[in-house]
Amino acid sequence: QVQLVESGGDSVQPGGSLRLSCVASGISVSSYSMAWYRQVPGKQREWVATVSSGGSRNYAVSPKGRFTISRDNAKNTVYLQMNSLKPEDTAVYFCNIKVGGLNYWGQGTQVTVSS
């Protein structure tokens, strides 16, 4: 059974940085793209970034240039380095992997950006 566990969320001031981690179990992630999404209460979950199995990276417009997605296949982990954080980055961040047509999600980690 595929399981994803996110960590690293916290409360920070605008301009601060955080690094989120997502550890996968039940599967070797090396053959799959992995992604980060975020969700604010009352709004749809939105895509943030994806890293392919080959290491190619894509970003949504808002975090581009401030966030970096990376992966460590040996640790079965994907990361999201977030710099220059803004209040509008406040959300619950979720890790995602799609396997055999099924989407798997972690429980999420809360990021709050506020002065």
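Bear in mind that the values in this text are calculations on the coordinates, not laboratory data. Just so we're clear, the structure is a prediction, and the values are computed from it rather than from any experiment. Every residue, glycine among them, receives a Cβ derived from its backbone with ideal geometry; neighbour counts consider all protein chains shown.
Numerical summary
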{"quantity": "The stretch 59-106 shape via C-alpha gyration tensor axes, a/c threshold 1.5", "calculated": "prolate"}
{"quantity": "Tensor-based shape of the stretch 1-50 (alpha-carbon gyration tensor, a/c under 1.5 rounded, otherwise prolate or oblate)", "calculated": "prolate"}
{"quantity": "Among GLN44, GLN13, GLN81: highest mean-square fluctuation, GNM of the chain, C-alpha pairs under 10 Å", "calculated": "GLN44"}
{"quantity": "Which of GLN3, THR112, THR68, positive extreme of dipole for the chain (C-beta unit charges)", "calculated": "THR68"}
{"quantity": "Rounded to the nearest 20 debye, dipole of the chain from Cβ charges on Lys, Arg, Asp, Glu", "calculated": "220"}
{"quantity": "Phi-based couplings in Hz for the stretch 51-58 (Karplus 6.51, -1.76, 1.60; Gly and Pro marked x)", "calculated": "10, 7, 4, x, x, 5, 10, 9"}
{"quantity": "log10 of Debye I(q)/I(0), alpha-carbon scatterers only, for the chain at 0.16, 0.23 Å⁻¹", "calculated": "-0.67, -1.35"}
{"quantity": "Among VAL61, VAL23, VAL99, residue whose mean-square fluctuation peaks in a GNM of the chain (springs only between Cα atoms under 10 Å)", "calculated": "VAL61"}
